[in-house]
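Heads up: the structure comes next, in structure tokens.
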Amino acid sequence: MTHLIDRQTNSWRMDMLYEHFAPDDVALIQAIPLGGNQRADFFGWYFTKTGRYTVKSGYHTTRLDETRTFKPCGSGPEITPLLASVWRVRCPPKIQHFMWQVLTGCISVSANLGRRGLACDIGCIRCGADEETINHAIFVCPPARQVWALAHVPVGPLSFPTESVYANVDHFLGQQNPGANIMTFPWLMWYIWKARNARVYENIVEKSEDIVRIAEGEATWWQKAQLEEDIGIPVSFPVGLSVPAATNTLPTEFSGYRCFIDGSWKAGDQFAGAGWCCTSLQDASPLMGARSFRRSLSPLHAEAEAFLWAMRCMIGHDFGDVAFYTDCADLVKMVSSPSDWPAFSTYLDDITMDREEFSSFSLSYISRKANVTADSLARQARHRETSSPTSQANLLNLYQKPYYEYVEVV
């Protein structure tokens with residue numbers, strides 16, 4: 001009787017939702033997590049996965065509906081792919097941004113200042129040319145040409161530099177272009193500009209050979225630093241929470257339980273899936289669980305819900321010493337720094353309360369290859385409603401494990 005009343009109540013609620021909201025909005029409303037703790041409403045930022053506002057996301061959001069008014073002038077290669085390729089150049093972000101400013105005409109050379117209404121001499125202070133344009137300052141001015149020549153860039157009237165700033169930058173970007181092997185060109189552009197500013201604002205004349213030496217030295221040190229980062233530097237997290245480099249191996253000595261967890265989410269599916277696999281030295285056969293639940297807002301929400309459910313399963317089995325493992329690095333980050341993830345506060349409040357039930361608790365990041373069992377369980381649960389007896393039998397036949405836990409669809 002109680003089950004029948006619950007179904008009637010849910011049906012009435014669904015009718016009310018569809019009466020007042022569009023179908024797409026109903027799906028979103030149903031996906032909103034409802035935690036066990038009551039807390040006051042708070043503001044969040046929809047345009048980041050954490051729910052915290054960032055200047056970068058705000059800037060990106062304001063440009064979504066903006067009409068692009070930039071129209072490049074002059075001759076040279078197609079500007080749109082050229083602008084995109086600038087952000088793929090291996091150099092510091094500030095130099096990438098500088099190169100983008102060069103191509104979009106945002107550099108404050110004398111000619112640009114004059115067009116903006118500033119009363120100034122638009123000539124080049126270094127060589128006396130009638131007009132100092134961006135192309136002139138970076139590529140054509142004799143001191144700049146000398147820097148490019150000393151850096152072993154082939155210089156000639158038909159190849160480089162030309163009268164097009166786009167062609168001059170493209171000279172280095174394309175794999176088949178003549179300057180493709182000059183890896184230091186971003187730093188050369190940057191320090192040519194800094195030398196120009198030193199001459200204009202401080203009346204300091206820097207030697208071309210010094211500019212080349214500094215640029216090449218900075219490029220070498222930066223590229224060496226990137227190689228060291230690629231090797232991997234451990235990241236520090238609070239005790240009990242860790243994100244080591246993804247690995248397929250685990251510590252051989254562990255007296256408690258290891259619980260591998262995973263969530264499965266797909267935009268077109270009605271349900272999401274969760275799976276866990278728990279092993280210990282005391283039990284030769286692993287314990288496993290799988291369930292499906294109404295699709296949440298995002299894959300990361302599904303990961304959080306799967307972790308919370310796995311924690312409660314471990315509590316239900318009276319396992320106090322548990323090390324959890326996930327292949328979702330963001331899940332580890334949000335549990336280690338819950339205040340930085342307000343979009344997941346509903347889950348994180350419950351996780352914070354439930355972790356007090358454990359005598360020993362940890363959450364670590366592993367590679368997907370080390371988490372295949374939990375991943376398979378979650379995927380199978382997403383495709384099958386685990387409240388169905390037929391689906392339960394199929395999953396048992398698939399995995400043939402001695403223990404399997406099912407939870408009805410919510």
*Per residue of segment 98-105, in order, report the coupling 6.51 cos²θ - 1.76 cosθ + 1.60 (Karplus, θ = phi - 60°) as ³J(HN,Hα) in whole Hz, putting x for Gly and Pro.*
4, 4, 5, 5, 4, 6, 9, x
_Extension reserve of the Asp269-Asp130 stretch, reckoned as 0.36 nm per residue once the Cα distance is removed_ = 43.5 nm
*Across segment 81-95, in residue order, what do the Karplus-derived ³J(HN,Hα) couplings come to in whole Hz, using 6.51 cos²θ - 1.76 cosθ + 1.60 with θ = phi - 60° and x for Gly and Pro?*
x, 5, 4, 5, 5, 4, 6, 9, 5, 7, 6, x, x, 5, 6
*Provide the net charge surrounding Glu131, with neighbours chosen by a C-beta distance below 11 Å and charges set as Lys +1, Arg +1, Asp -1, Glu -1.*
-2
*Amide H partners (placed H, <5 Å) of Tyr257, local residues excluded*: Asp321, Val322, Ala323
*Across segment 262-279, in residue order, what do the Karplus-derived ³J(HN,Hα) couplings come to in whole Hz, using 6.51 cos²θ - 1.76 cosθ + 1.60 with θ = phi - 60° and x for Gly and Pro?*
6, x, 10, 9, 9, 4, x, 8, 6, 10, 10, x, 9, x, 9, 9, 10, 10
*For every other residue with a beta carbon closer than 14 angstrom to the beta carbon of Met183, add +1 if it is Lys or Arg and -1 if Asp or Glu, then tell me the sum.*
+1
*Using 7 Å Cα-to-Cβ label points, what is the Asn181/Met353 separation (nm, one decimal)?*
6.7 nm
*Tally Lys/Arg at +1 and Asp/Glu at -1 over every other residue whose Cβ is under 12 Å from the Cβ of Ser296; what's the total?*
+1
*So how much slack lies between Trp221 and Glu163, counting 0.36 nm per residue of separation and subtracting their Cα-Cα distance, in nm?*
17.6 nm
*In nm, what is the difference between 0.36 nm times the number of residues separating Ala40 and His60 and their Cα-Cα distance?*
4.3 nm
*asked:* Residues of segment 189-204 with the amide nitrogen closer than 17 Å to a label point 7 Å from the Cα of Cys120, along Cα-to-Cβ, please.
replied: 193-204
*Solvent-free Debye scattering, log10 I(q)/I(0), computed from the Cα coordinates of segment 79-230 at q = 0.09, 0.12, 0.14, 0.20 Å⁻¹*: -0.28, -0.50, -0.68, -1.39
*Given a Förster radius of 45 Å and the C-beta distance between Ser339 and His152 as r, what FRET efficiency does 1/(1 + (r/R0)^6) yield to the nearest 0.05?*
0.30
*If packing is taken as the mean number of other Cβ atoms within 10 Å per residue, what is the order of 109-120, 277-288, 298-309, highest first?*
298-309, 277-288, 109-120
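A short reminder: the numbers here are calculations on the coordinates, not readings from a lab. Nothing here was measured: the structure is a model prediction, and the numbers come from that model. Note that we place each Cβ from the backbone using ideal geometry, even for glycine, and neighbour counts take in every protein chain shown.
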